[in-house]
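The values are calculated or read from the model by the stated rules, or taken from the named source; none is laboratory data. Remember, it's a predicted structure, so these values are computed and weren't measured experimentally. Heads up, the Cβs are rebuilt from the backbone with ideal geometry, glycines too, and the neighbour counts pull from every protein chain shown. For accessibility, only protein heavy atoms count, side chains too; no ligands or nucleic acids. Shrake-Rupley method; radii C 1.70, N 1.55, O 1.52, S 1.80 Å.
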Amino acid sequence: MLRSAAVNSYPRVGDRGGQQKLRAAIAHHDTGAISDEELRAVADEITAEVIAEQERAGIDLVTDGQVRWDDSLAPIARGLAGFEIAGLLRWFDTNTYYRQPVATGPIEWRRPILVRDFEFARSRATRTLKAVVTGPYTLAKLSIDRHYGKLGDFAMAIARALRSEVQALASAGATFIQIDEPAITRNKKDFPILAEALAVLVDGLPKTTCTCLGTYLGELAGLFADVVDLPVDVLGIECLRRDGTWSELRKHSFSKGLQLGLLDARNTRLEDPSDVVERLVEMRTVLRGRDVWIAPSAGLEFLPRETAFRKLECAAEIARRAQERFA
Amino acid sequence: MMLPTSTIGSFPKPDYLRDARRKFDRGEVRADELRRFEEQATRECIRLQDEIGLDVLVDGEMYRGDMTTFFAQHLEGFGISGLVRSYGNRYYRKPILRGPVRRPRPMTVDWWRFAQSLTRKPMKAILTGPYTMMDWSFDEHFESREAATMALAAVIHDELVDLEAAGARVIQIDEPAISVRTDELPLAIAAMRVVTKGIRARKIVHICYGDLAAIYPKMLELAVDQFALELSNSDYDMLEPFKRAPFTKEIGFGVLDVHSHRVESADKVGERLRRALEVFPSDKIWVNPDCGLKTRTEAEARGKLEAMIQATRAVREEIGA
């Protein structure tokens, strides 16, 4: 079955009237002019708005747009004990930045981090709402470790802590949980660390929970033979190029679902849906009979909002047309 | 003079200019009115630098918003996107390459002339480099990143030629994106060769906030005379690689952390500068902040630069310069 999915983030501001509300609220919250509750109310409103927008684009598997996240690491790190947040660093090779977490003590889970916001988002979605958690390997790799000494030990400690979080999300009704591990695409030698941490993270989740490894901002080419054995149900992969991971799909036998990042989340140029449909048809022997989601190559928050919407519309159209061709 | 002091380019915009820019965006202020505010702010910025005692001045970039968008607005072939997030709660409009790139007229020469007319000190001209322009733009036109970069290099070269003809003796090309994708360093080097070809002015490249160690020493092949680098923010981690492979060019040594509100003491800045002297010959060092000062308050910018000047004077005395 071919469907469409958002990866994680969605633009929280836009150029149309009223689309600056969250930006203004955050600025007012920073100066103390509005309370935490008032900011949350605005964030809730924008969450509902971006969910509705994804659904209007025709997306089957939507997210909360991560509109409350200032970057991909800090919201998780802040919620765990043992982390502090330090200076700005470039997010991979993008022109955007994140605040680097610093582990200063044992990493422990104290209370749910994302559950309240997940429950709110789910109450506003009419399609399946994907929960997204930044994975233990990427968190460890991009943070400063002043406590554990070894990347593997650090990642495992985070995995044990976040295991409670994914369990809490599952208990709260998350049926599709994506674990984001973008850092692996640029550090393939670390794969054993990711594999070990991921196994701990998803251990004990109910069988009904669909788990997905989210990778983006780089390809998995060269690693595909290994990732197909990971204990997740779906592999989220960037495949903008024909010669990268895409060409490896045929070479391996695997039963997992695929979330295919076929639309460039880093460029405003809109893909021609017909071209992408043809690519999918060429790959039909691999894709048929499998759960496949057509998606952007990464989160969309660094595109202008209208372009982000059109990319999602494009993903939905491709999924629909390819499904017809497969039938 | 030994250890010349300079800055990387941008200064904080005064409130009246921010206000005027906002109103201009809403159509409440005319272009000529905005220009008057920009000129006023430029005058004040240059007076400030003269008062503090900097050696090589900048115009403060009062008439620029984002460092890529400004040039995109002055080149044909570019459009400007809707708002996109930079980080945190900051947003900007990003350039979009939509067609062949052409420079209908000089982009910064008038401003350079105006700024130079306000001081006897040398005025540095500052441009954003082709690799960064490419990397920080959306691209709906070119077949490849190489094609886009080289097309941009050609028009930026023309700007350098005009700046030099106008009298600019120090030209800085900002290429912060260079330190991000090491696999594309050869492209950045090829582009810089085009940009600076035949230019006799002192050519500086400014690189910041990336992995310098990953591109060193290959980066020395960039066709420039000086590297102005962000160093204090990373606590001078880069000095070790510089010791291992000889640094063959001048260094613009970053001694002020521009992302910190804290105004460094002159002693602290002096300590940092003395570390430069352990690695580079004293006649190859320029002293500057890590990066542009536009995110600091006016008071912070002034305080930091005063500490930098005081520290540089003290160190000059120590080394008998």
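Note on surface exposure: A:Phe154, A:Phe92 rank A:Phe92, A:Phe154 by accessible area, highest first, 1.4 Å probe.
Among the listed pairs B:Lys13/B:Lys284; A:Lys150/A:Lys251; A:Lys188/A:Lys256; B:Lys124/B:Lys268; A:Lys188/B:Lys249; B:Lys124/B:Lys197, a Cα-Cα separation exceeding 24 Å is found for B:Lys13/B:Lys284; A:Lys150/A:Lys251; B:Lys124/B:Lys268; A:Lys188/B:Lys249. Quick check on the range A:139-178: take the gyration tensor over C-alpha atoms, sort the square-rooted eigenvalues as a ≥ b ≥ c, and tell me if it's rounded (a/c under 1.5), prolate or oblate. Cα axes put the range A:139-178 in the prolate bin. Normalised per residue, the accessible area of the range A:2-326 is 38 Å², obtained with a 1.4 Å probe and no contribution from ligands, DNA or RNA. Average projection, convex hull of the Cα set of the range B:42-191: 9.8 square nanometres.
Note on the protein assembly as shown: Kirkwood radius taken over Cα pairs, Stokes-Einstein applied at 4 °C and 1.567 mPa s, translational D equal to 49 µm² s⁻¹. When B:Lys243, A:Lys251, B:Lys304 are compared by accessible surface with a 1.4 Å probe, the order from highest to lowest is A:Lys251, B:Lys243, B:Lys304.
Residues with beta-carbon under 13 Å from that of B:Arg103, excluding B:Arg103: net charge, scoring Lys, Arg +1 and Asp, Glu -1? Residues close to B:Arg103 contribute a combined charge of -2. Each residue was assigned an accessible area with a 1.4 Å probe, and for B:Leu118 the value is about 60 Å². Under 5 Å from the amide H of B:Phe78 lie the amide H atoms of B:Arg98, each residue being 5 or more positions distant or on a separate chain, with H modelled from the backbone and absent for Pro and chain starts. Once backbone amide H atoms are built at 1.01 Å from N, B:Ile126 has B:Gln172 as its partners under 5 Å, excluding neighbours fewer than 5 places away on the same chain. For B:Ser10, the residues 5 or more places off, or on other chains, whose built amide H falls under 5 Å of its own are B:Gly292, B:Leu293, B:Lys294.
The relative contact order of chain B, computed from alpha carbon pairs under 8 Å that lie at least 6 residues apart in sequence, is 19 percent. Net charge in the neighbourhood of B:Asn89 (other residues with Cβ under 14 Å of its Cβ; Lys, Arg +1, Asp, Glu -1) is +3. For the pair A and B, the buried accessible area comes to roughly 2300 Å² in total, with a 1.4 Å probe and the value rounded to the nearest 100. Here the Karplus relation 6.51 cos²θ - 1.76 cosθ + 1.60, evaluated at θ = phi - 60°, turns the backbone of the range A:37-54 into coupling constants of 5, 5, 5, 4, 4, 5, 4, 4, 4, 5, 4, 4, 5, 6, 5, 4, 5, 5 Hz, with x for every Gly and Pro. Count charges around A:Tyr216 for me, please; just the other residues with Cβ under 10 Å from its Cβ, Lys/Arg as +1, Asp/Glu as -1. Net charge around A:Tyr216: -3.
Using a Debye calculation, one point per C-alpha and no hydration shell, please list log10 I(q)/I(0) for the range B:130-204 at q = 0.13, 0.18, 0.26 Å⁻¹ in order. One equal scatterer on each Cα of the range B:130-204 leads to -0.38, -0.69, -1.21.
The shape of chain B comes out oblate: with a ≥ b ≥ c from the C-alpha gyration tensor, a/c is at least 1.5 while a/b does not beat b/c. A Förster radius of 25 Å combined with the Cβ-Cβ distance from B:Ala299 to A:Ala27 puts the calculated FRET efficiency at roughly 0.75.
What residues of the range A:61-107 lose no less than 10 Å² of accessible area with every protein chain in place versus their chain by itself (probe 1.4 Å, heavy atoms only)? With the partner chains in place, the range A:61-107 has these residues losing at least 10 Å²: A:Asp70, A:Leu88, A:Arg90, A:Asp93, A:Asn95, A:Thr96, A:Tyr97. Our summary gives the range A:2-326 a relative contact order of 20 percent, counting only alpha carbon pairs under 8 angstrom and 6 or more residues apart. Shielding value for B:170-180 is 1, the average number of Cβ atoms from other chains within 10 Å of each residue's Cβ. 3J(HN,Hα) along the range A:155-167, derived from phi through the Karplus expression 6.51 cos²θ - 1.76 cosθ + 1.60 where θ = phi - 60°, amounts to 4, 5, 5, 5, 4, 4, 5, 6, 4, 5, 5, 5, 5 Hz, with x in place of Gly and Pro.
Comparing each chain alone with all protein chains together (probe 1.4 Å, DNA, RNA and ligands left out), the residues of the range B:117-160 losing at least 30 Å² of accessible area are B:Trp136, B:Phe138, B:Asp139, B:Glu140. For the residues B:Arg98, A:Arg90, a 1.4 Å probe over the protein chains yields an accessible-area ranking, largest first, of B:Arg98, A:Arg90. Short to long, the 10 Å bins of the Cα pair-distance histogram for the range A:2-326 hold 6, 27, 37, 24, 6, 0 percent of all pairs. Remark on the range A:1-125: hydrodynamic radius 16.2 angstrom, per the Kirkwood mean of 1/r across alpha carbon pairs. Averaged over the residues of B:73-85, the number of partner chain Cβ atoms lying within 10 Å of the residue Cβ comes to 4.
Taking only protein heavy atoms and a 1.4 Å probe, the accessible area of the protein assembly as shown is 47% carbon and sulfur.
Along the Cα-to-Cβ line of B:Arg90, 7 Å from the Cα, sits a label point; which residues in the range B:226-240 have backbone N less than 14 Å from it? Answer for the range B:226-240: none. Solvent-accessible area of B:Cys45, all protein chains in place: 10 Å² (probe radius 1.4 Å, heavy atoms, ligands and nucleic acids excluded). Averaged over the residues of peptide A:304-310, the number of Cβ atoms from other protein chains lying within 10 Å of each residue's Cβ is 3.
Accessible area of A:Phe120 (1.4 Å probe, protein heavy atoms only, ligands and nucleic acids ignored): about 30 Å².
Can you give the relative contact order of the range A:246-327 as a percent, counting alpha carbon pairs under 8 Å and 6+ residues apart? The value is 40 percent. Once you treat every alpha carbon in the range B:166-218 as an equal point and sum by Debye, what is log10 I(q)/I(0) at q = 0.25, 0.29 Å⁻¹? Those come out to -1.01, -1.20, one per q. 3J(HN,Hα) couplings calculated from phi for the range B:86-95 with the Karplus curve 6.51 cos²θ - 1.76 cosθ + 1.60 (θ = phi - 60°) are, in sequence order, 8, 6, x, 9, 9, 10, 8, 9, 9, x Hz; Gly and Pro show x. Here r is the Cβ-Cβ distance between A:Ala172 and B:Leu220 and R0 is 56 Å; the resulting FRET efficiency, rounded to 0.05, is 0.55. Starting from the Cα coordinates of the range B:173-255, work out the convex hull volume and express it per residue in Å³. Normalising the Cα hull of the range B:173-255 by residue number yields 82 Å³.
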